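Quick notes on the structure that follows.
The values are calculated or read from the model by the stated rules, or taken from the named source; none is laboratory data. Values in this document were obtained by computation on a predicted structure and should not be read as measured data. Virtual Cβ from ideal backbone geometry, glycine too; neighbours counted across all protein chains shown.
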Amino acid sequence: MSNALKYAFDTQTDGQITVTLAAMSDGNIMLGISDNGCGLSSDIDWANSHSLGLQIVCSLVEQLQGRIQLEQRAGCHFKIYLPKSVVL
């Protein structure tokens, strides 16, 4: 969320960040963080980023045997899927 606050709204005077937590039908838990900002630059490889924040998130998700999905449409939408067993 700090990256969304820091980078998503450079050219906007207002913006929206949405945080979602949902139990999925496959037994995983999904944490979604979305914004309606400028999105990530197409030349950024977020999974191998030099950004400390993204490195920490990727490392934690890997340690918890989860996965990350990124959708870029009208902003940036990260979804983190974690096994229910590590969340509860």
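The single residue among Leu82, Leu60 that is closer than 20 Å to Val19 by Cβ, touching a helix residue (DSSP H, G or I) at 6+ places or on another chain (Cβ under 8 Å) and either modelled with pLDDT of 85 or more or not hydroxyl-bearing (Ser, Thr, Tyr) (or both) turns out to be Leu82.
Taking segment 56-88 as the range and being within 12 Å of the chain's Cα centre (by Cα) and of a type in the set (S, T, N, Q) as the test, the residues that pass are Gln69, Gln72. Flag not set for Asn36, criterion: over 17 Å from His77 (Cα atoms) and touching a residue at least 12 places away in the same chain (Cβ under 8 Å). Of all residues in segment 15-74, count the ones that are part of a strand (DSSP E or B) and surrounded by 15 or more Cβ atoms within 10 Å (Cβ to Cβ). The number of residues fulfilling the criteria is 10. Are any residues in segment 1-41 modelled with pLDDT of 75 or more and hydroxyl-bearing (Ser, Thr, Tyr), and if so, which ones? Selection gives Thr18, Thr20, Ser25, Ser34. In segment 75-88, what residues are outside any helix (DSSP H, G or I) and surrounded by 11 or more Cβ atoms within 10 Å (Cβ to Cβ)? Hits for segment 75-88 are Gly75, Cys76, His77, Phe78, Lys79, Ile80, Tyr81, Leu82, Pro83.
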